[in-house]
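Let me begin by presenting the structure, written as structure tokens, before commenting on it.
The values are calculated or read from the model by the stated rules, or taken from the named source; none is laboratory data. This one's a predicted model, so the numbers in the text were calculated from it and none came from an experiment. All Cβ positions, glycine included, derive from the backbone under ideal geometry; neighbour counts span all protein chains shown. Each accessible area value is taken on the protein alone, full model and side chains, heavy atoms only, with ligands, DNA and RNA left out. Shrake-Rupley method; radii C 1.70, N 1.55, O 1.52, S 1.80 Å.
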Amino acid sequence: MVILVNRIFSLLLPALRNAPRWGPILRLLVILGTRPEAIKLAPLILRLRRSPGLTLQICSTGQHRELALEPLRFFGIEPDFDLEVMQADQSLSDLSAKILTRLDPILRDGDFDRAIVQGDTTSATCGAIAAAHRAVPVAHVEAGLRSGSVASPWPEEMNRQLISRIADLHFAPTPGAAANLRAEGIPSKAIHVTGNTGIDALLAARSRLGNPALWLPRALGRKLILVTMHRRENLGRGLTELCWALRGLGAIGHQIVFPAHPSPTIQRQARSILAGAPGVRILEPQSYPRFVGLMALSDLIVTDSGGVQEEATALGKAALVVRDATERPEAIEAGAVHLVCAERHAIAAQVKRLLATPPPLTPADTFGDGRASKRILRVLMQEAQTNLAKVA
């Protein structure tokens, strides 16, 4: 009887393998919480949602609340879950505790095959930890970036390293990022160089811009400087030094636009020094497409943002980065990014130098060609098919 059953099963097995699978072959949870995560994951979310055989749910932690929801809505995306963790002046420990405890029931009940996190935020780190606690494999988008100093950017450099120890699938934006992972002992088979999904988002937004000069007229004969600053290590002295540098640059005829982060601390500091300063406009936080328009119009970008370094390189724009180190050395090698310490005279001197002798830049695909999401989907589908074959 046993021999007969085995014989029947062996005859049916090929048909079972080719039979249509009831339900999805891959159940995914995307976890995000900040504006940069929303921007960089949006193109991947759209591609995953269009792919048959996948189910996808999106969890927003609410770390950046409306700042994160705005770019998602620009791309036509609404989260399935909102953890609503945002609270003014909360510590990173309080934020982490809320994310972990509120995310756990979703992971417990969701029967997910994989969680996807992006970048270096507290939301990404806690998302990876919470998934690991529930034995859900983690894929890390934008993996392998390293500055070499856990103090800069802080706590982002630490977060990236923690996620790399948890994830079993690493989507590195550049060969250099992949090399960093291999140097830390990550197996080569777990690393895939895909480009950065942030460039996918940038190119998609730029194609829908229209003419940004219609809503931000350029002052005749003046160079336009776009400014952002939000890193924790620059709050206080760093932001003060930047603002005094901007005040002096505006006084000598430059046109400066500063979309200030909504943090009350940043708003107070910036406005206390720059209110009424000639040539300087402090703007409310800009929508993602409008910010892309500002980058496209600018002659120089002054920032401490990691993502803006990539976007400037892709747009062929020079960026002066107010940091001691960068986890994106490729941007320096491309000639787009120049580092400067957070000291007013150094900042002003570098701005004047870069405006007087602009580096010869053209748009570069250093960080991606707009097809990163497509490559990530291919890897995920190959993994799913491999797992199906093992089960069969």
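The set of residues in the range 339-351 that are open to solvent by 50 Å² or more (accessible area, probe 1.4 Å) and without any contact (Cβ under 8 Å) to a residue 24 or more places away in the chain comprises Leu339, Cys341, Ala349.
Among the residues making up the range 112-128, those that are farther than 15 Å from Thr197 by Cβ and touching a Lys or Arg at 6+ places or on another chain (Cβ under 6 Å) are Phe112, Asp113. Remark: Leu202 matches the filter, which requires a residue to be modelled with pLDDT of 95 or more and part of a helix (DSSP H, G or I). Residues that are under 20 Å from Glu37 (Cβ atoms) number at least 1 in the following strands (runs of 3 or more DSSP E) confined to the range 283-392: 300-303. State yes or no: is Ala336 under 27 Å from Gly210 (Cα atoms), surrounded by 17 or more Cβ atoms within 10 Å (Cβ to Cβ) and at pLDDT 95 or above? Yes. When the range 126-181 is filtered for residues that are open to solvent by 30 Å² or more (accessible area, probe 1.4 Å), assigned to a loop (DSSP other than H, G, I, E, B) and farther than 22 Å from Glu310 by Cα, the ones remaining, listed by number, are Arg134, Ala135, Pro137, Asp168. Pairing residues of the range 321-336 that are at positive phi with residues that are open to solvent by 40 Å² or more (accessible area, probe 1.4 Å) and part of a loop (DSSP other than H, G, I, E, B), at Cβ distances under 8 Å and at least 6 apart in sequence or on separate chains, gives Gly335/Pro360; Gly335/Leu361. Of all the residues that make up the range 42-81, how many are modelled with pLDDT under 95, open to solvent by less than 20 Å² (accessible area, probe 1.4 Å) and not hydrophobic (A, V, I, L, M, F, W, C)? Of the residues in the range 42-81, 3 are modelled with pLDDT under 95, open to solvent by less than 20 Å² (accessible area, probe 1.4 Å) and not hydrophobic (A, V, I, L, M, F, W, C). Only a single criterion out of (1) at pLDDT below 90; (2) within 17 Å of Thr366 (Cβ to Cβ) is not satisfied by Leu315, namely (1). Being touching a helix residue (DSSP H, G or I) at 6+ places or on another chain (Cβ under 8 Å) and within 22 Å of Thr228 (Cα to Cα) is a description that applies to Gln63.
Let's see how each residue does on (1) within 22 Å of Gly370 (Cβ to Cβ); (2) of a type in the set (Gly, Ala, Ser):
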| site | (1), (2) |
| --- | --- |
| Ile45 | yes, no |
| Thr61 | no, no |
| Glu66 | no, no |
| Gln87 | no, no |
| Ser96 | no, yes |
| Thr101 | no, no |
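When residues of the range 87-112 are filtered for being open to solvent by less than 50 Å² (accessible area, probe 1.4 Å), farther than 13 Å from Gln63 by Cβ and not small (Gly, Ala, Ser), how many remain? Number of matching residues: 5. Within the range 85-121, being modelled with pLDDT under 95 and at positive phi holds for Asp89, Asp111. Taking the conditions exactly as written (outside any helix (DSSP H, G or I) and touching a Phe, Trp or Tyr at 6+ places or on another chain (Cβ under 8 Å)), does Gly210 satisfy them or not? Here the answer is no, as Gly210 does not meet what is asked. Note on the range 33-60: residues that are assigned to a loop (DSSP other than H, G, I, E, B) and over 15 Å from the mean Cα position of the chain (by Cα) amount to 4.
If you go through the range 260-271 one residue at a time, do you hit one that is of a type in the set (A, V, I, L, M, F, W, C), closer than 22 Å to Arg323 by Cα and out of contact with any His (no Cβ under 8 Å at 6 or more places or on another chain)? Within the range 260-271, one or more residues are of a type in the set (A, V, I, L, M, F, W, C), closer than 22 Å to Arg323 by Cα and out of contact with any His (no Cβ under 8 Å at 6 or more places or on another chain). For the range 274-295, taking the residues that are among the hydrophobic types (A, V, I, L, M, F, W, C) and crowded, with 17+ Cβ neighbours inside 10 Å, the one that is nearest to Ala88 (Cα to Cα) is identified as Ile282. Count of the range 270-282 residues, restricted to those that are assigned to a loop (DSSP other than H, G, I, E, B) and charged (D, E, K, R), is 0. For Ser298, the requirement of being of a type in the set (S, T, N, Q), open to solvent by less than 20 Å² (accessible area, probe 1.4 Å) and modelled with pLDDT of 90 or more is met. Counting the residues of the range 353-377 that are in contact (Cβ under 8 Å) with a residue 60 or more places away in the chain and under 30 Å from Ile252 (Cα atoms) gives 1. Among the conditions (1) more than 28 Å from Arg65 (Cα to Cα); (2) buried (at least 20 other Cβ atoms within 10 Å of the Cβ), Gly253 misses just one, which is (2).
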